[in-house]
1. Within the range 48-89, how many residues turn out to be at pLDDT below 95 and either touching a Ser or Thr at 6+ places or on another chain (Cβ under 7 Å) or of a type in the set (D, E, K, R) (or both)?
2. In this structure, does ARG104 turn out to be at pLDDT 95 or above and under 60 Å from the mean Cα position of the chain (by Cα)?
3. Being at pLDDT 80 or above, surrounded by fewer than 10 Cβ atoms within 10 Å (Cβ to Cβ) and hydrophobic (A, V, I, L, M, F, W, C) is the filter here, so list the residues in the range 1-31 that pass it.
Amino acid sequence: MDLELGPLKPEPAELVLGLAFFFLVLLTLGRVVLPRVERVLAERHDATEGRLERAAATVAEAERTLDEYRQELAAARHEAARIRQQAAEEGAAAVAAAREEGLRERDLLLAEADARLAVDRAFAEAALREDVGRLATELAGRVVGESVAAVSAERRTVERFFDRPTTEER
C-alpha cells in the first residue's frame, strides 16, 4: 500500500494514534457533551416554548372563567330585571289599592259633608224663615202703624208665602 500522497504522507503509528484519539473524542462528545447540550436545549425550549404553552393554557383558563363570569352576570341581570318587574307590579298594585282606598274615603267624606250640609241648610232655612217672618211682620206693623203680629200668627201668612212656588220653580 504505497500511496503517493506527497507531503501528506502520514506515519502508520501516528495514523492509528490519531484515529484512536478521534474515536475517544467522539465517544466523549457522544456520552458527556451531547447529553448536556440536549439537556440545555430542552431547558431552553421549556423556558421559551413551554412558557408560551403554559401562557396559552392560562389564557384559555382565563377565557373560560370570563365566559362563566359573563354567564353569571347575564343571569344576575336577568334576575334583577325580573325583580324590578315584580317590584313595579307590586308598586302598581299598591298604588291602585291606595287609590281605591282614597276614593272610598273621599266618597265617605263627601257623603258625610253632604249630610252635614243638608242638616245645616235645613237649620239655616228654618232660622231664616223665622227671621224673615218676624221681620216681615215687624215691617208690616211699621207700615200700617200698628202691630200685625197677632194677625200673621193667626193666618199663617208667612208660611203660605214660603210654600208658594217661586218663578224659578214654575
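The values are calculated or read from the model by the stated rules, or taken from the named source; none is laboratory data. Just so you know, these numbers come straight off a predicted model, no measurement behind them. Counting neighbours? That spans all protein chains shown, and the Cβs are built from the backbone with ideal geometry, glycine included.
1. Number of matching residues: 4.
2. Working: at pLDDT 95 or above: yes; under 60 Å from the mean Cα position of the chain (by Cα): yes.
Against the criterion (at pLDDT 95 or above and under 60 Å from the mean Cα position of the chain (by Cα)), ARG104 qualifies.
3. The one that is at pLDDT 80 or above, surrounded by fewer than 10 Cβ atoms within 10 Å (Cβ to Cβ) and hydrophobic (A, V, I, L, M, F, W, C): ALA13.
Residue by residue, here is whether (1) touching a strand residue (DSSP E or B) at 6+ places or on another chain (Cβ under 8 Å); (2) assigned to a helix (DSSP H, G or I); (3) of a type in the set (S, T, N, Q) holds:
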| site | (1), (2), (3) |
| --- | --- |
| PRO10 | no, no, no |
| LEU29 | no, yes, no |
| LEU34 | no, yes, no |
| VAL40 | no, yes, no |
| LEU52 | no, yes, no |
| GLN71 | no, yes, yes |
| ARG82 | no, yes, no |
